[in-house]
1. Do the conditions hold for Pro104, that is, is it loosely packed, with under 15 Cβ neighbours inside 10 Å, within 30 Å of Gln157 (Cβ to Cβ) and over 15 Å from the mean Cα position of the chain (by Cα)?
2. Of all the residues that make up region 67-83, how many are part of a loop (DSSP other than H, G, I, E, B) and either farther than 15 Å from Ala119 by Cβ or aliphatic (A, V, I, L, M) (or both)?
3. Is at least one residue of region 45-67 open to solvent by 60 Å² or more (accessible area, probe 1.4 Å), in contact (Cβ under 8 Å) with a residue 60 or more places away in the chain, over 16 Å from the mean Cα position of the chain (by Cα) and at negative phi?
4. State whether one or more residues within region 12-32 are surrounded by 15 or more Cβ atoms within 10 Å (Cβ to Cβ), assigned to a loop (DSSP other than H, G, I, E, B), touching a residue at least 24 places away in the same chain (Cβ under 8 Å) and touching a Lys or Arg at 6+ places or on another chain (Cβ under 7 Å).
5. Write out, first by first residue and then by second, each pair whose Cβ atoms fall under 7 Å of each other, whose residues are 6+ apart or on separate chains, and whose first residue, in region 97-115, is at negative phi while the second is at pLDDT below 95 and surrounded by fewer than 13 Cβ atoms within 10 Å (Cβ to Cβ).
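The values are calculated or read from the model by the stated rules, or taken from the named source; none is laboratory data. Keep in mind that what you see is a predicted model, and the values were worked out from it rather than measured. We place every Cβ from the backbone using ideal geometry, glycine too, and count neighbours over all the protein chains shown. These area figures cover heavy atoms from the full protein model, side chains too; ligands, DNA and RNA do not enter into them. Shrake-Rupley method; radii C 1.70, N 1.55, O 1.52, S 1.80 Å.
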Amino acid sequence: SAAEAALRCHRAGAHVTVSYRGAAFDPKSIKYWLLPELTGLIAAGQITCHYRTRPLAISPTHVTLERLEDVRSFEVPADFVLVQIGYLADMSLARMAGVELTGPGQLPRYNEQTMETSAAGVYIAGTAVAGTQQSYHVFLENCHIHVQRIVAALQGQAPPSPPAPAAYTQQEA
């Protein structure tokens, strides 16, 4: 979901920076049609990627990242932060940002129309909206509208309409 969110935000005109814990993207964990575009934009300097880093803190003006190899931190200017961390969420970053988390799955409280969390100015998208999932109900495939909702909210526009459910014939089912 992070790769797709980065690409969609870039296409919407955002200056995108990605923090990634690995030394390189794992081709098995990113859809094959997204990886070439993402790595191409990074190589061209159109998207910034800080490999082998993890976020330590989020402030109204920047994110503090830590380099994993030398445990040194540095700041990256940021107006908005999207936390995209997969199915088994480590919700500590959301908690540090002041997002209200509920229940054993640490579900973040957020506005479904704008994706803004209970912490003003902090938005959430992708599978992180489901916290730590015990059984999977939120997948990348049903999160596509999250970035559109966030971009609309940031631009002061009405949220997009929910996508129509996929129609299947009995033969396909």
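1. When the stated conditions are applied, Pro104 does not pass them.
2. So the count comes out to 7.
3. Yes, there is a match, as at least one residue in region 45-67 is open to solvent by 60 Å² or more (accessible area, probe 1.4 Å), in contact (Cβ under 8 Å) with a residue 60 or more places away in the chain, over 16 Å from the mean Cα position of the chain (by Cα) and at negative phi.
4. Checked against the condition, which is being surrounded by 15 or more Cβ atoms within 10 Å (Cβ to Cβ), assigned to a loop (DSSP other than H, G, I, E, B), touching a residue at least 24 places away in the same chain (Cβ under 8 Å) and touching a Lys or Arg at 6+ places or on another chain (Cβ under 7 Å), region 12-32 yields no hits at all.
5. Sorted first by the residue in region 97-115, then by its partner, the pairs are Gly105/Gln134; Arg109/Thr102.
Quick grid of which residues meet (1) touching a His at 6+ places or on another chain (Cβ under 9 Å); (2) within 18 Å of Ala5 (Cα to Cα):
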position	(1), (2)
Ala24	no, yes
Ile47	yes, yes
Leu56	no, no
Glu75	yes, no
Gln84	no, yes
Met91	no, no
Gly98	no, no
Thr114	no, yes
Thr117	no, yes
